[in-house]
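Read through the structure below, which is laid out as structure tokens, and then see the notes.
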Amino acid sequence: MRFIAACFCALCLLVTVVGCQQPDPAPTASHTAELANEYPAIASWLAKKDQLIASGKPYDLVMAGWFTPEEASQLKNNNPDAILLAGLTVNWVWDNTDWKTFLLTVASYGRESPFELSEDMYLHASDGARCAFGWASESWGQEEIYAMDPANADWVDLVTSFYRMVLEQPQHDGIIIDMVLEKSLCPDAISDEEWVAGTRAIMAAIDDLNTEDKLVVFNSGRDLSEIDAYGEYMDGFVMENFMGEQLKTTFEDGLRAAESGYTVIYAVDTNDTGQQDMNRMRLGLVLSLLTDNTYFTYDFGPRDHGQAWWFDEYDVDLGQPLGPYYRQGDAYYREFERGLVVAAPYSDATVTLDSPYTDVTSGNTGTEFMTSHDDGRIYVREA
């Protein structure tokens, strides 16, 4: 359920890739980008780049398959400090013609003989069928995703060539790797141990290519425990469908993740329904404000990521935190230079303040507020 479902025009790709190493005025950092936290820090996972650019909103972290120099320039016009991470996956192929064209076009750039996807690159079950992830859906109009053989030298050459090109682009501050797993979904074809060993070898090869020490973010799916075998190769991870119905993570899981030493992106969504649950959105957003080195994103869900949904709470300017978060009763609090955030994951929380504050969500000003169960609120101090 964790894949880059982005289609690309083959002609546009050829123009983009052929031109990608030519000089361009796109802004680039003079040093390796750092996942430096803002409060709040807003991300977009598998971003719909045209929507983000058109919105004019200052996204802090944008992750997608690729950024042209022009796209990078436009996103950094919205936020000069925006971090742009690009990539696909290292051991899966989506059986979508445009997606495969993109992968092969980028990987083959500069080669006399372009790469091709051959059948022996795929993992096959004992009955000869390709090992499938189970993503195909007629109702969603999405094709199957197939596992690749991490021990196949031709596949390893192809996917590492793709990431070499991604890393070489000055507009990319780093890379993303989607669908990272520690378990084989086709045990009659490859054991868990063999899958992990092969994946680690590919990660190590990509790490060797990352000579500029650019940032690396994995999609963990549920949490760090699902990808910790590869921990040495990443700087951060996405918790997809966070607090959602599909992966069943909790608020407590999110707090523990923030203590891992990695940057965490809390990816809350609508569980593929399109029905925005604003309480859960705010609870996830406030969770990201309780700790440092965390980002927040809210979108449709695993079947369709990356909408440019922007909420009033994203525009708040809290300043710097005055200390770590603390728990009082069943609620969590953190104080900032210009406000206070409250998360109430277990029960309603009454907040009593010694001077007037404004609830960013409701616009109400006062000294006493109620943060409802499974909600989070941001209160800004009146000048």
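The values are calculated or read from the model by the stated rules, or taken from the named source; none is laboratory data. Keep in mind that this is a model prediction, so the values were computed, not measured. In this analysis, Cβ positions are derived from the backbone assuming ideal geometry, glycine residues included, and neighbour counts consider all displayed protein chains.
Of the residues E212, E168, E182, which is free of Cβ contacts under 8 Å to residues at least 60 places away in the same chain and either over 17 Å from the mean Cα position of the chain (by Cα) or over 17 Å from A86 (Cα atoms) (or both)? Please lay out each step first, then the result.
Details: E212 fails: free of Cβ contacts under 8 Å to residues at least 60 places away in the same chain; E168 fails: free of Cβ contacts under 8 Å to residues at least 60 places away in the same chain.
When all the criteria are applied, what remains is E182.
Residues of region 260-277 being free of Cβ contacts under 8 Å to residues at least 24 places away in the same chain and loosely packed, with under 15 Cβ neighbours inside 10 Å, which ones? Spell out how you get there, then give the answer.
Taking region 260-277 and keeping what is free of Cβ contacts under 8 Å to residues at least 24 places away in the same chain, we get 261, 275, 277.
Within region 260-277, G261, Q275 qualify.
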In region 337-359, which residues are farther than 18 Å from L322 by Cβ and of a type in the set (A, V, I, L, M, F, W, C)? A344, A349
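Being of a type outside the set (D, E, K, R), farther than 27 Å from I265 by Cβ and surrounded by 20 or more Cβ atoms within 10 Å (Cβ to Cβ) is true for just one of Y357, Y379, Y298. Which residue is that?
Working: Y379 fails: farther than 27 Å from I265 by Cβ; Y298 fails: farther than 27 Å from I265 by Cβ.
Answer to the selection: Y357.
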In region 235-254, anything polar (S, T, N, Q) and more than 12 Å from the chain's Cα centre (by Cα) is listed as Q246, T249, T250
Selection from region 203-223 of residues in contact with a helix residue (DSSP H, G or I) (Cβ under 6 Å, 6 or more places away or on another chain) and either within 21 Å of D120 (Cα to Cα) or aliphatic (A, V, I, L, M) (or both) yields M203, A205, I206, L209
Exactly one of (1) assigned by TED's automatic domain parsing to the domain that holds V360; (2) surrounded by 17 or more Cβ atoms within 10 Å (Cβ to Cβ); (3) within 18 Å of S372 (Cα to Cα) is unmet by G339. Its number? (3)
Listed residues V216, V166, V159; which is touching a Leu at 6+ places or on another chain (Cβ under 9 Å), in the same structural domain as K248 (by TED's automatic domain parsing), β-branched (V, I, T) and closer than 21 Å to E119 by Cα? V159
Is there a residue in region 131-147 that is under 21 Å from I206 (Cβ atoms) and in contact with a helix residue (DSSP H, G or I) (Cβ under 9 Å, 6 or more places away or on another chain)? yes
For region 360-376, what are the residues that are surrounded by 13 or more Cβ atoms within 10 Å (Cβ to Cβ) and of a type in the set (D, E)? D374, D375
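Which of the residues that make up region 285-316 are of a type in the set (D, E, K, R) and in contact (Cβ under 8 Å) with a residue 24 or more places away in the chain? Reasoning before the result, please.
Let us first name the residues in region 285-316 that are of a type in the set (D, E, K, R), namely 292, 299, 303-304, 312-313, 315.
The answer is D292, D299, R303, D304, D312, E313.
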